[in-house]
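Since every read-out is calculated from the coordinates, none of them should be taken as a lab result. Only a predicted model underlies this, so the values are computations on that prediction, with no experimental measurement involved. Here Cβ is always computed from backbone atoms with ideal geometry, including for glycine, and neighbour counts include all displayed protein chains.
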Amino acid sequence: MIQAGVKEVKNNLSRFLSRVKTGDEVLITERGKPIARIIKENSKRMDIREELRPLIDSGSVVLPSNRLKKEKLRSYTVPGKAASEMVIEDRR
């Protein structure tokens with residue numbers, strides 16, 4: 001796995017994408033902390049249920065039996081700061 005900072009990836013994206021095409025993974029870091037990973041796209045795009053089949057068969061994952069209805073979803077207000085405020089504080 002290749003590890004590179006945001007600036008390095010930005011300045012050399014083509015080079016990193018060429019490495020990904022050959023099977024390497026690129027871990028992108030910001031100030032030394034991992035923030036993203038670039039991996040090769042699977043050319044055989046599978047349905048999510050097919051991807052999860054081994055976990056479903058083993059009982060580790062149970063898929064919902066019904067689709068969620070958007071009109072039945074409710075939003076909740078929790079006490080404390082907004083997530084966006086916490087993110088801004090963390091960036092300082």
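Here are the numbers for the structure shown:
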{"read-out": "Percent antiparallel among DSSP beta bridges (both partners in the chain, rounded to 5)", "value": "55"}
{"read-out": "Amide hydrogen neighbours beyond the local backbone of THR29, cut-off 5 Å, H modeled", "value": "ALA4, GLY5, VAL6, ILE35"}
{"read-out": "The chain: relative contact order as a whole-number percent, Cα under 8 Å and 6+ apart", "value": "18"}
{"read-out": "Partner lysines for LYS10 [C-alpha distance under 21 Å; skip if fewer than 8 residues away on the same chain]", "value": "LYS21, LYS33, LYS40"}
{"read-out": "Those GluC sites (Glu not before Pro) in the range 30-92 that DSSP places in a loop and that have at most 15 other beta carbons within 10 Å", "value": "GLU41"}
{"read-out": "Helical contribution to [θ] at 222 nm, DSSP H n ≥ 4, -39,500 (n - 2.57), averaged over the chain, rounded to 500", "value": "-10500 deg cm²/dmol"}
{"read-out": "(1) 18, 15, 12; (2) 32, 27, 12; (3) 24, 13, 12, with the label sought being that of the calculated semi-axes √(5λ) of the Cα gyration tensor in Å", "value": "(2)"}
